[in-house]
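Single-structure report; data block below.
Any read-out appearing in this document is the output of simple, stated calculations on the displayed coordinates, not a laboratory observation. Given the structure is predicted, the values throughout are model-derived calculations rather than measurements. Reconstructed Cβ throughout: ideal geometry from the backbone, glycine too, with neighbour counts over all protein chains shown.
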Amino acid sequence: MSLISKTIKKTFINQYGAIKPTWIHQDDYYKLPFNYCDRWCERCNLAKVCRVYQKEKERNEEFIKKGIDINSSEALFSGLMEDLNETKAMIEKDMKRLGMNLTKKDLEISEDKETLKERLVEKDSLKQISFKIYHRYLELIDDLQNYFLEEIEKKEIKKIMNILFYYQGFFYAKIQRAIFSEVEERSMSDDVTFDAKTSGFLAYVALIKVINALDQLIIHIDLEKLKTQILSLSKTFIKLNQILEVRFELNENVK
């Protein structure tokens, strides 16, 4: 745990929601905070100015009026379809404005390119490593739930476990996106989006929060085997972050 610098802890550990990467302009950050966040909206101090959060809030209010459970599959797929239709309409509007007309052959070429990108991501060693670590993490969470069982609702335990639950899939999803965006950005000339770098950064920050949570949790555990499991995984997370630092050139931007 001591390998994590005090500066990084001070900067990131107690922040949730949107975190500004140093390579993103301040104006873009405040206009698009959802591009730099972990989606833990109730903990984010920019929720009131985030249009994604506001839209989601309005949508949930509509679901409640219609008697739909906001956590149900019906709500999930209804919201997803609404977003996809909105995106489709925006793309069609821009295509019309630019005088673009996609043929069946164009679509086939595009699909082939996307398939190739997905194959490159699947073969990527970072993706494969993070996948294995992700499953080790899921196993640890199961073991922790079984260990605490009746104590899991205790305030100090629940707070830490909530962090571990929340980020269990987040870091892996962001690493996958970072790799995919890296593949896409190789084919770009001047239009640099920083999406690979930013996704890598968000995975990096999430892992620091996980490591810190495990550091706090271990003092509540007496079982040596479980302690060893936690320490081993924490060291693995630190190594994974060192890989992210180098791969996405984060070292100069998070100190």
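Summary table below
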item: Within-13-Å neighbourhood charge of Ala89 [Cβ basis; K, R +1; D, E -1]; result: -1
item: Cα-projected label distance for Leu84 with Glu122, points at 7 Å along beta-carbon direction, nm; result: 2.1 nm
item: Cβ-based exposure ranking for Lys127, Lys57, in which fewest neighbours within 10 Å come first; result: Lys57, Lys127
item: Two-site FRET efficiency, Val192 against Lys239, from Cβ-Cβ distance with R₀ of 35 Å, rounded to 0.05; result: 0.80
item: Ranking of Leu120, Leu240, Leu84 by count of other Cβ atoms within 10 Å, fewest first; result: Leu84, Leu120, Leu240
item: Charge sum, other residues only, whose C-beta stays under 12 Å from Phe63's C-beta, Lys/Arg counted +1 and Asp/Glu -1; result: -3
item: Prolate/oblate/rounded call for the range 9-123, Cα gyration tensor, a/c under 1.5 rounded; result: oblate
item: Residues His135, His220, sorted so that the one with the fewest Cβ neighbours within 10 Å comes first; result: His135, His220
item: Distant-in-sequence amide H partners of Ala18 (H built 1.01 Å from N, under 5 Å); result: Asp38, Asn45, Leu46
item: Dipole magnitude of the range 86-175, debye to nearest 20 (Cβ charges: Lys/Arg +1, Asp/Glu -1, about Cα centre); result: 440 debye
item: Label zone at Lys55 (point 7 Å along Cα-to-Cβ), backbone N below 19 Å, the range 174-212; result: none
item: Cross-link pairs Lys96/Lys127; Lys20/Lys93; Lys174/Lys227; Lys123/Lys227 - those with Cα-Cα distance over 29 Å; result: Lys96/Lys127; Lys20/Lys93; Lys123/Lys227
item: Segment Ile221-Tyr30, extension gain: residue separation times 0.36 nm, minus the distance between their alpha carbons; result: 64.6 nm
item: Net charge of neighbours whose Cβ lies under 12 Å from the Cβ of Ile219, counting Lys and Arg as +1 and Asp and Glu as -1; result: -2
item: Quarter of Cα convex hull surface for the chain, i.e. mean projection, nm²; result: 17.1 nm²
item: Helix runs (DSSP H) in the chain reaching 18 Å along axis by Cα, Kyte-Doolittle at least -1.0; result: 73-98, 125-148, 170-186, 195-217, 224-247
item: Whole-angstrom Cα spans of the range 153-255 along principal axes, big to small; result: 55, 24, 23
